[in-house]
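One structure below.
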Amino acid sequence: MKKEPFVSAIIVAAGSGTRMGGVSKPELTLNGKALLQHVTEAFLQSSVDEIVIVCGTNRPRLEALVPSSPAKPIRFCDGGNTRTKSVFNGVDAADKRATILCVHDCARPFVTKEIIEAVIEEAKKTGAATACTPVTDTIKYVDEEHSMLYTPGRKYLLALQTPQVFRKDAYLAAYALASKAGSAFTDETAMLEQAGFRVAYVPCPASNRKITTKEDLTLARALVLIRQKEEKAKEKTV
């Protein structure tokens, strides 16, 4: 029987939350739970072998939010001064047996076990994969003066999400090249692609949205209420 690879989940929760007014996004509540708790619960239900939570100055509070679990190991580490360095710190803190890395933004609390498994399975086959969703808005590419240069066709556009999953050896090779060049990335797939690795794109629900602004949080809370009402309505019809 073929041995399954050891998968480490790296949850990035070290951001400064600048666009939210400097608040700690992992601690924001949604349906009575912190965003970090929503994300951690999804990964505890998944097939990953461990969870590494990358923290900022909020580390003591995040450790209090997520107690240890009998399901799988949960560990914490400090982030860096960029997203690229924070992810690397999480990888460095992961179990040395890990051969597959699954990176997820804590600001995407609607991730599900099904999304996680779909991207992991694709990465096992291809070496690197990311969740994504088709772009539905018309996009304009403009210059610095906001003069329109061209309008790309929507069928060629994808909005990337997380989780993003890749072989550890590919990630380390790409990180080494990026560090040598002094490059920083807001997205791991861009780093891997610049290093010459091919990334597979796994279509996922648009509901796997990222909470970046206060308006995003309001919409997320409204979505939760709608879902709760729909579930109650289904229960009444059963």
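The values are calculated or read from the model by the stated rules, or taken from the named source; none is laboratory data. The model shown is predicted, which means the values in this text are computed figures rather than measured ones. Here Cβ is always computed from backbone atoms with ideal geometry, including for glycine, and neighbour counts include all displayed protein chains.
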Task: Subset of segment 128-151 (residues that are among the small types (Gly, Ala, Ser) and touching a residue at least 12 places away in the same chain (Cβ under 8 Å)) - done: ALA128, ALA129, ALA131
Task: Residues satisfying the stated conditions in segment 64-77, i.e. over 18 Å from HIS104 (Cβ atoms) and either under 17 Å from the mean Cα position of the chain (by Cα) or not small (Gly, Ala, Ser) (or both) - done: PRO67, PRO70
- [ ] Return yes when PHE166 is surrounded by 15 or more Cβ atoms within 10 Å (Cβ to Cβ), under 16 Å from ILE116 (Cβ atoms) and of a type in the set (Phe, Trp, Tyr) and no when it is not.
- [x] yes
TODO: Take segment 72-85 and flag every residue that is in contact (Cβ under 8 Å) with a residue 60 or more places away in the chain and over 15 Å from TYR175 (Cα atoms).
DONE: ASP78, GLY79
- [ ] Pick out the one residue from LEU223, LEU192 that is at pLDDT below 90 and surrounded by 13 or more Cβ atoms within 10 Å (Cβ to Cβ).
- [x] LEU223
Task: Given (1) in contact with a Pro (Cβ under 7 Å, 6 or more places away or on another chain); (2) farther than 21 Å from ALA190 by Cβ, index of the condition VAL119 fails - done: (2)
Open item on the list: Quick check on my filter: what residues within segment 107-131 are more than 13 Å from ALA42 (Cα to Cα) and assigned to a helix (DSSP H, G or I)?
Closed with: ALA118, VAL119, ILE120, GLU121, GLU122, ALA123, LYS124, LYS125, THR126
Open item on the list: Please count how many residues of segment 109-121 are under 26 Å from ALA220 (Cβ atoms) and surrounded by fewer than 24 Cβ atoms within 10 Å (Cβ to Cβ).
Closed with: 8
TODO: Only residues that are among the β-branched types (Val, Ile, Thr) and modelled with pLDDT of 95 or more: list them for segment 44-65, please.
DONE: VAL48, ILE51, VAL52, ILE53, VAL54
TODO: Spot the failing condition for VAL54; the list is (1) of a type in the set (A, V, I, L, M, F, W, C); (2) surrounded by fewer than 23 Cβ atoms within 10 Å (Cβ to Cβ); (3) not in a helix (DSSP H, G or I), and only one is missed.
DONE: (2)
Open item on the list: So, SER69, is that one on the phi < 0 side of the Ramachandran plot, in a loop (DSSP other than H, G, I, E, B), touching a residue at least 12 places away in the same chain (Cβ under 8 Å) and out of contact with any Ser or Thr (no Cβ under 7 Å at 6 or more places or on another chain) or not?
Closed with: yes
Task: Of all residues in segment 86-106 being in a helix (DSSP H, G or I) and in contact (Cβ under 8 Å) with a residue 40 or more places away in the chain, the one that is surrounded by the fewest Cβ atoms within 10 Å (Cβ to Cβ) - done: ALA93
- [ ] Please determine, by comparing only the residues of segment 156-203 that are free of Cβ contacts under 8 Å to residues at least 12 places away in the same chain and assigned to a helix (DSSP H, G or I), which one is nearest to VAL111 (Cα to Cα).
- [x] ALA190
Open item on the list: Residue under question is VAL39, and the condition is that it be of a type in the set (A, V, I, L, M), at pLDDT 95 or above, in a helix (DSSP H, G or I) and under 29 Å from GLU121 (Cα atoms); does it hold?
Closed with: yes
Open item on the list: Looking only at residues that are aliphatic (A, V, I, L, M) and under 21 Å from VAL12 (Cα atoms) in segment 200-215, which one is surrounded by the most Cβ atoms within 10 Å (Cβ to Cβ)?
Closed with: ILE211
